[in-house]
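Read through the structure below, which is laid out as structure tokens, and then see the notes.
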Amino acid sequence: MADRWFKIKGQAKGDRTLEEQMTGLEPALAETPGRSVLDLGCAEGLIGREFARAGAAAVHGVEVQERHLIIARELCAGLPMTFQCADLDEMAARDSALPPRYDIVLALAVLHKLFAPENGARFCARASRSLVVVRLPANSDANRGILRSKHNPAVSCDLTTVMTKNGFALDRTLPGPRQEPVQYWRRTSQ
């Protein structure tokens, strides 16, 4: 098991490289200048850092593991980035507490890791003004838009239903790293 999510030369023996993790994110990166970005499950902040370097007005990363955020704060110093240590399951479960609004919400390989993926998908929709980018796990259910909680496979979420009920339409699906599809959901209504 890797001690960190990202491989960071001289700092961490992670599971994935930044180059690999950026696969499928090129269109989102292209529309980043001047926009605000929420990166859910940001790990060491490297993907958010790429969005900040591409001209994002602000990037806010949320991560449950403080040890990842210690590295993120160091690697992203001087960029328009903030970080929050929080449990996304808990944040998403608070339906009455609407999250701040961001132009772009990144939920990259994180929704299926929640106890309640449907709450996480709704949270993403509420948080986004215009675009939600979701990286799904590499399995046949995910390819059909069904997210199963890795904690309890009996708990699932039909991402298409949740996103369309919340005013989004699927814009495109791109290949991501390790056969993990990347879906772009665009807001169609407020």
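The values are calculated or read from the model by the stated rules, or taken from the named source; none is laboratory data. As the structure is a computational prediction, the values presented were derived from the model and not from experiment. Neighbour counts run over all protein chains shown; Cβ positions are idealised from the backbone, glycine included.
Identify, please: which residue in region 104-159 is in a loop (DSSP other than H, G, I, E, B) and of a type in the set (D, E, K, R) and is, among those, modelled with the lowest pLDDT? Restricting to residues being in a loop (DSSP other than H, G, I, E, B) and of a type in the set (D, E, K, R), the top hit is Arg144.
Among the residues here, Ala127 qualifies as under 26 Å from Glu26 (Cβ atoms) and in contact with a strand residue (DSSP E or B) (Cβ under 7 Å, 6 or more places away or on another chain). Lys150 fulfils the conditions (1) crowded, with 17+ Cβ neighbours inside 10 Å; (2) in contact with a helix residue (DSSP H, G or I) (Cβ under 6 Å, 6 or more places away or on another chain); (3) over 29 Å from Ala57 (Cα atoms) except for a single criterion, (1).
Of the helices (runs of 4 or more DSSP H) lying entirely inside region 31-98, those containing at least 2 residues that are at pLDDT below 95, of a type outside the set (Val, Ile, Thr) and closer than 16 Å to Ala125 by Cα are 88-93.
Kindly check whether there is at least one residue in region 173-189 that is over 16 Å from the mean Cα position of the chain (by Cα) and surrounded by 15 or more Cβ atoms within 10 Å (Cβ to Cβ). Scanning region 173-189 turns up at least one residue that is over 16 Å from the mean Cα position of the chain (by Cα) and surrounded by 15 or more Cβ atoms within 10 Å (Cβ to Cβ). Looking across Pro137, Pro177, one residue alone is closer than 19 Å to Ile47 by Cβ and in contact with a His (Cβ under 8 Å, 6 or more places away or on another chain). It is Pro137.
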